[in-house]
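*Asks:* Mind looking over this structure? Questions follow.
The values are calculated or read from the model by the stated rules, or taken from the named source; none is laboratory data. Just so we're clear, the structure is a prediction, and the values are computed from it rather than from any experiment. No Cβ is skipped: glycine too gets one built from the backbone with ideal geometry, and neighbour counts run over all protein chains shown.
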Amino acid sequence: MTTPLDRARDAHLTTRTPVALDQRVLANLRGTGRPPRRFAAWWVPALTTPAVLLLWFVLHDPLPPMMPVSPAPAPAPGFVVADAAPEAPHPWSVSRPLPEPQANHVTLWAPGETGLQSLLDESMGYGIASGVQVSLRTSFATLDKRSEQHIVMVAGHLDWNVRYLETSELTVEALGVVFEVSPGRFSLEVGRHQVSLEVEAGQVVVRAPKEPARVVSAGARWNTRMALAPSPHRAAWTREELERRLEAFADAGQHERAAAFIREVLPQVGGALRESLLVDLAAIYGQHLHDWDRACDTLAWAVREFPGGALSEGISHLRDRYRCP
């Protein structure tokens, strides 16, 4: 009777197989039992990693020592322990000073300074004068400070917070309407041909053209009854002011608002400044908003108004770039 080893040898004598395969087959046949089981290699990091992390957290941020807590003394017989009374909120008072300038409070003018300023950030409050602070309700607003006692509100929607007045009086003018301000809170909105006032606290004296003076008290509103012509004392736009506002819109990525702002300002300017704004508007449409049709229409508008103008070469370059007809 032949053994399995003998049969394997006889089979491999007549079969052409690699020598290495013959050796592996013979070695397996000579084995007396199953090979010992090897442990999987993955269990070492699976067990050691959590242990190392736990040890690091314990050593890096040890638990605070526990302090002994003494039991609260028992109340004497006949006495009832009352809950702590909640702290009563302090009522708002116009006599309280404004908080110190912080991240949400910016002073526009130093003492004695005047000029035109624009407000662009809705998350900030702006100091107009000592004790007087405004905050935006719209994307931007413009103020022209003529003196420490007189401010012209050119456009926008502002909340006014007048805590106290260092000067004898403060007047705010908007489209020819004069508002005599006293300590309190009110909002003022100036549109293209209309002014709206809403008083929250205190009172405001309103002096409109061809109308008797009236007092608007807390909780009341006042609107112009008819469209008002722009004030003849309205400050003219300067190139520096327009560039500053457009840069602020660009830094905030508010390109739609920048285009709307230029469209609103265009009827109020002329000459080289108007030509420059038309080119800026076309660039915003093309470069940022990718509205090639409106960009080309704006460039055509500039060519019609300013044939052979100072920016004609730049306009021609933009027309080629945007493939205008």
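*Asks:* Here are some residues: 219, 308, 253. Which one is out of contact with any Phe, Trp or Tyr (no Cβ under 9 Å at 6 or more places or on another chain), modelled with pLDDT of 90 or more and surrounded by fewer than 18 Cβ atoms within 10 Å (Cβ to Cβ)?
*Replies:* 219
*Asks:* Something else about it: So, restricting to strands (runs of 3 or more DSSP E) that lie completely within region 107-164, which ones have at least 1 residues that are in contact with a helix residue (DSSP H, G or I) (Cβ under 7 Å, 6 or more places away or on another chain) and within 24 Å of residue 268 (Cβ to Cβ)?
*Replies:* Fully inside region 107-164 and qualifying: 115-119.
Yes/no per residue for (1) surrounded by 15 or more Cβ atoms within 10 Å (Cβ to Cβ); (2) within 17 Å of residue 152 (Cα to Cα); (3) in contact with a Ser or Thr (Cβ under 7 Å, 6 or more places away or on another chain); (4) at pLDDT 85 or above:
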| position | (1), (2), (3), (4) |
| --- | --- |
| 176 | yes, yes, yes, yes |
| 213 | no, no, no, yes |
| 227 | no, no, no, no |
| 248 | yes, no, no, yes |
| 262 | yes, no, no, yes |
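*Asks:* Give me a count of the residues in region 136-174 that are crowded, with 17+ Cβ neighbours inside 10 Å, within 21 Å of residue 217 (Cα to Cα) and of a type in the set (Gly, Ala, Ser).
*Replies:* The total comes to 1.
*Asks:* Something else about it: Within region 174-219, considering only strands (runs of 3 or more DSSP E) that don't extend past its boundaries, which have at least 3 residues that are in contact (Cβ under 8 Å) with a residue 24 or more places away in the chain?
*Replies:* Filter on region 174-219 gives 177-181, 184-190, 195-201, 203-207.
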